[in-house]
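The next block holds one structure in the form of structure tokens; read it before the comments.
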Amino acid sequence: MNAVSTKYAYLAQAQAAGLRVPQTLYLEQLPQAATLAQFIQQVGEDSLFIVRSATALEDTQHQSLAGHFWSSPAVTAQALDKTLAQAWQENQQILQQLGRAERQPRLMLQVYIQHAVGGVLFSPWGFFSDYFQLDYAEMGVKAVVEGQSQPAVLALNAGESAPLALPPHLLYLEALLQQLAQQLRSLFAFAVDAEWVFDPQVQQIVLLQVRPQTSLSGAVQTLTPNILKQHALPAGEWAYTALSESLGKLSPLSFSLLQQLYADSRASLQALGYAAQQVDFMQHCADGTVLVDTAKERQFYQLKGFGGFWQGLRLPKSKQHAQQVISSYVATAPFDYAQLSRLFNVWLISNLQASAANRAVVQPLHIYELTWVSVVPEPITNLKLDTWDALNGQLRQCVWFELNKVKQTLAIQALSQPLAFATWVDYQTQHLCQAQHYQRQLASLAIYDWAMLPQAQASNAWQNLSVNKTIRGQAFVITQPTQFKGALPTQSIVFAPYFDPRWVAQIPTLAAIVVQQGGRLSHAALVAREAAVPFCVVKAEVVAGIKTGMLLYLNPSQQLIKQSD
């Protein structure tokens, strides 16, 4: 039995709360002629209509199939029979391709709101609870989905300055959008991704659809040399590394907890012969990026004098201790910081002893960010674990599970307090007076992506919309997307003027995507982030000369594409 589409349910919930939405007919099957005629008569035969997919599995917090299903352009009443039949057939085929043939399509028939300005609203903006993000276009909301949009970041409350304001001729929208963001915040208990348009007939914002965010929104502009000069990092050789990538974007609270866990592990590491003097090899940036000084990191893990000798003597006991920590772990117990610290301590040691192959694990999205509740299976602790590899994997699961307990508590508390901007010590004592001020202080710099440190040879011709992951793969160049009919080669780096929505289902099979036109909220970029596939928007001159079949090296964090050695 198919569940009612959340896309429809959320819209109906918003309408019941007084928000303006298009007149909508939810369809569990193709409508009878009388039903369709009645709806057309209610809204007016001269209206335009749009048929949207409304499959129950389409939009959830932990996975989005946005872009996979078929929705129509605006059509007249006379074309509705044909359009509805096409929508049903197209979406039935897509369900079969996704291995969900047991499900039937669901559709929403909506009155099309004629508009010029529209976009998508993200509330909150990442872990910045007092702000929301927009991607908007003056050529209609369809242009936003196609990547032809501009960003803005506005304060939730009137009178607060915007980190990235709307242009002067669109400032009339600010109060209306603030009202919409506040209404959505009070109505839904999840981070919202909402599509909206400005209806010039009634001079009001109309809400087209609502769904949960599938990942934290964040930086919307490339970091420039000028900004970096004005807000210089502390002395150090800071870079975006594999550790940066695994941590993801962290709120100040999450980073403070991470620092505390590392500091608590120093004594155990020193007992095994490691230097472990100062936890000074990580730098937290305004947007949540964690940069690493690899020289300082090496110093932290450097073996001292007779360190190797002591390690040889003490490792067997350390392994036994790790086994005891796992076997005594009670997953159902309430969160306890001392327990988390013990788990992290032995996990850090197991990381140093386990083989690198065991670390190549796909981790849940935002697993180290405390403002994002993850899906983490309960660890099985009664297994026989004799090797460091096995211990490492199990300890990782225990750490993730224990972190998720903090997240679940925080999710309730954070609805009324800016907890993400407290230190870990202040959070534990609930001393939060500085958190609000710190959020405002960081907001203006958090619009920039600090993972993309300006390179000596780099221009502002790059924008990375997905993961910063180094890739080697063969180029596959498409010059005319509308003419291309085949399948995209598996594990290829696809180059195209833009990423056609027809290819979205193939994104998880690709190594990377490089286009000349695209936006953070395009369907392709959304799915690429979920699949951890790099998605770069570059100027044409960056990819001039690249041909199909070339073996390439792609490093988004260094804004680099070159032929691989």
Highest-first arrangement of 35-41, 370-376, where packing means the average Cβ count within 10 Å: 370-376, 35-41
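Could you work out the relative contact order of the range 238-443? I mean the mean sequence separation of Cα pairs under 8 Å and 6+ apart, divided by the number of residues, in percent. Provide the component values of the computation, followed by the final result.
Working: 270 pairs, mean separation 51.3, N = 206.
Once divided by the residue count of the range 238-443, the mean separation gives 25 percent.
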Spatial separation of Cα centroids for the range 386-414 and the range 149-163, in angstrom: 35 Å
Segments 204-213, 436-445 sorted - mean Cβ within 10 Å per residue, highest first: 204-213, 436-445
Cα centre as origin, Lys/Arg/Asp/Glu Cβ charges: the range 454-565 dipole, Debye: 40 debye
Segments 166-176, 14-24 sorted - mean Cβ within 10 Å per residue, highest first: 14-24, 166-176
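Looking at the range 186-294, which GluC sites (Glu not before Pro) are DSSP coil and have at most 16 other C-beta atoms within 10 Å of their C-beta?
Working: sites: Glu195, Glu237, Glu245; in loops: Glu237.
Those that pass, being in a loop and sparsely packed, are Glu237.
Would you mind getting me the FRET efficiency between Arg502 and Glu541? Use the beta-carbon distance for r and R0 = 22 Å, nearest 0.05. Can you show the working numbers first?
Working: r = 27 Å, r/R0 = 1.24.
Plugging the Cβ-Cβ distance into 1/(1 + (r/R0)^6) gives 0.20.
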Hydrodynamic radius by Kirkwood, which averages 1/r over all alpha carbon pairs of the range 253-295, in angstrom: 11.3 Å
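Note down the magnitude of the dipole of the range 1-112 about its Cα centre, charges +1 on Lys and Arg C-beta and -1 on Asp and Glu C-beta and zero elsewhere, to the nearest 20 debye.
180 debye
How much net charge surrounds Leu36 when only other residues with a Cβ under 13 Å from its Cβ are counted (Lys, Arg +1; Asp, Glu -1)?
Numbers: positive: Lys82; negative: Glu45, Asp81.
With Lys, Arg at +1 and Asp, Glu at -1, the neighbours total -1.
What ranking do Glu369, Glu90, Glu102 get, fewest neighbouring Cβ atoms within 10 angstrom at the top?
Details: Glu369 24, Glu90 16, Glu102 9.
Lowest count first: Glu102, Glu90, Glu369.
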Reach of Lys405 by Cα under 22 Å, taken over lysines that are not fewer than 8 positions away in the same chain: Lys249
Crossing angle, helix 6-16 versus the chain [Cα axis fit, 0-90 degrees, rounded to tens]: 70 degrees
Compactness of the range 1-112 as Cα Rg over 2.2 N^0.38 Å, two decimals: 1.05
Full-stretch length increase - Ala531, Gln203 - with 0.36 nm per residue and alpha-carbon distance subtracted: 114.2 nm
Extension gain, Gln441 back to Gln259 (0.36 nm per residue minus Cα-Cα distance, nm): 63.4 nm
Residues with amide H under 5 Å from that of Trp125, placed H, sequence gap 5 or more: Tyr131, Phe132, Gln133
Viscosity 0.890 mPa s, temperature 25 °C, Stokes-Einstein D of the range 115-218 from Kirkwood C-alpha radius, µm²/s: 182 µm²/s
Debye log10 I(q)/I(0) at q = 0.14, 0.24, 0.25 Å⁻¹ for the range 490-565, Cα point scatterers: -0.40, -1.24, -1.34
Net charge, Ile546 excluded, C-beta distance under 15 Å - Lys, Arg +1, Asp, Glu -1: +3
Net lengthening on full extension, Gln434/Glu245 (0.36 nm per residue, minus Cα-Cα): 65.2 nm
Spacing of the two label points (7 Å from each Cα toward its C-beta) at Glu45 and Asp280, in nm: 8.0 nm
Per-residue [θ]222 nm for the chain (sum of -39500 (n - 2.57) over DSSP H runs n ≥ 4, rounded to 500): -10500 deg cm²/dmol
Cα centroid separation - the range 78-103 against the range 214-258, whole Å: 43 Å
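For the range 238-443, what is the convex hull volume of the alpha-carbon atoms per residue, in Å³?
Each residue corresponds to 121 Å³ of Cα convex hull volume.
Bear in mind that the values in this text are calculations on the coordinates, not laboratory data. Treat the numbers as computed from the prediction; the structure is a model and nothing was measured. A quick note on method: Cβ atoms are made from the backbone with ideal geometry, for glycine too, and the neighbour counts reach across all protein chains shown.
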